[in-house]
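Each value in this text was obtained by applying a stated rule to the coordinates, not by laboratory testing. The structure presented is a predicted model; accordingly, all values stated were derived computationally and were not measured. Here the Cβ positions follow ideal geometry from the backbone for every residue, glycine too, while neighbour counts run over all protein chains shown.
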């Protein structure tokens, strides 16, 4: 990877990882299932059915200044008498953590058990897991600055993304949530990757976000990506459906995770940009195991997924991409988080398919040695 000097030849070679969420509420059980299905590339589990704080629009808001609960969401209230005081404390801790390297300041941006029980659960199991499995990389995730900023409102119900101060605070908070996760894992001395989840980018370019520039989105994602790179990690993005992937190919991101199940065509629309992305070391996350449709999650088989994967490969080869390079740079994932529409048994079926499909591809391409 261009940006990860410590790991210049790191390639996923069809290894599997998860996107994050499961429908389970038993944290130990959900974490165990994730470790069983993706032992080489574990990712902490988000449990949105457990409580409102694990909802992706709330989970990474802890520590933001002048936040109030509004039903099952959080909102800024800039009219609070303590607003200036809280902003000042936020920036003091940001600077102390980022420039001073002060651990105590970084802990100001911690993800507590209430907001991320899966992170704590994985952390408690990692030492034993690393001793008993060939762990290749650790994966974390944050809600991206565009998605968080356009969903977090203020007391006037305005998007915080459009307020210069709140926008800056959201971006910096996402940076620090990523940095804090990596700091918790540094003693394991393993490569790390943080995914930036940006489902709201699907609406970028629409009437809703008409005033948001492409440059703004790229700058925000690069701010988070650069913080991850500065700590020696890889930065990925997970987006939905027909997102404008050319925008993301212009960023400093290392991994683009797309819906290869329903929206394979979307990633192939920008061959020149995709060539440039791969040339600088980029990976493609193939979200090939369906999670957004219960019937599909219940009925797909290894054979039907392989046929779909092969069609996707043929589509990219027809646009001039080298199939050996595509295979080496392929990361296998579910099409989205499994904590939304799936039942527990269906999510468990998805995890089993994910594990076995990755094994099948690695065996097929001679990567399993």
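Each 5 Å bin from zero holds the following percent of Cα-Cα pairs in region 136-195: 4, 18, 24, 16, 13, 10, 8, 5, 2, 0.
In whole percents, the pair-distance distribution calculated for region 274-369 from its alpha-carbon pairs, binned every 10 Å from zero, is 15, 46, 30, 10, 0.
Running a GNM on the chain with Cα contacts under 10 Å, which residue among 29, 349, 120 ends up with the highest mean-square fluctuation? Taking springs between Cα atoms under 10 Å, the residue moving most is 29.
Remark: spin-label model distance residue 368-residue 269 equals 3.7 nm, labels positioned 7 Å along the Cα→Cβ axis. When each of the peptides 329-342, 218-231, 91-104, 265-278 is scored by how many other beta carbons lie within 10 Å of its residues on average, the order from highest to lowest is 329-342, 218-231, 265-278, 91-104.
Across region 72-225, the convex hull enclosing all Cα atoms gives 138 Å³ per residue. Relative contact order of region 142-246, taken over Cα pairs closer than 8 Å and 6 or more residues apart, is 35 percent.
For the chain, what is the calculated [θ] at 222 nm in deg cm²/dmol (nearest 500), taking -39500 (n - 2.57) for each run of four or more DSSP H residues and dividing by its residue count? For the chain, the value works out to -13500 deg cm²/dmol. Each semi-axis of the equivalent ellipsoid for region 77-140 is √(5λ) with λ an eigenvalue of the Cα gyration tensor; in descending order they amount to 34, 15, 8 Å.
Site pair residue 165 and residue 231 shows an inter-label distance of 2.8 nm when each label is modelled 7 Å from Cα along Cα→Cβ.
When you count the other C-beta atoms within 10 angstrom of each residue and take the mean per peptide, 105-115, 17-27 line up highest first as 17-27, 105-115. Ordered from longest to shortest, the equivalent ellipsoid semi-axes for the chain are 32, 23, 21 Å, each the square root of 5 times a Cα gyration tensor eigenvalue. You can think of it this way: the chain between residue 26 and residue 158 has 43.9 nm of extra reach, that is 0.36 nm per residue less the Cα-Cα gap. For the peptides 181-192, 280-291, the ranking by packing is 280-291, 181-192, with the highest mean count of neighbouring Cβ atoms within 10 Å listed first. Using a simple spin-label model with points 7 Å from Cα along the Cα→Cβ vector, what separation in nm is obtained for residue 299 and residue 128? About 4.1 nm separates the two model spin labels. Taking the inverse of the mean 1/r over every pair of distinct Cα atoms in region 211-282 gives a Kirkwood hydrodynamic radius of 12.7 Å.
Once the chain from residue 40 to residue 120 is taken as fully extended at 0.36 nm per residue, the excess over their C-alpha distance is 26.9 nm.
Ratio of Rg to Rh for region 1-96: 1.12 [Cα atoms; Kirkwood radius as inverse mean 1/r over pairs]. Per residue, the average separation of C-alpha pairs within less than 8 Å and at least 6 apart gives region 68-210 a relative contact order of 29 percent. Remark: the residue 213-residue 70 segment gains 48.6 nm on full extension, using 0.36 nm per residue and subtracting the alpha carbon distance.
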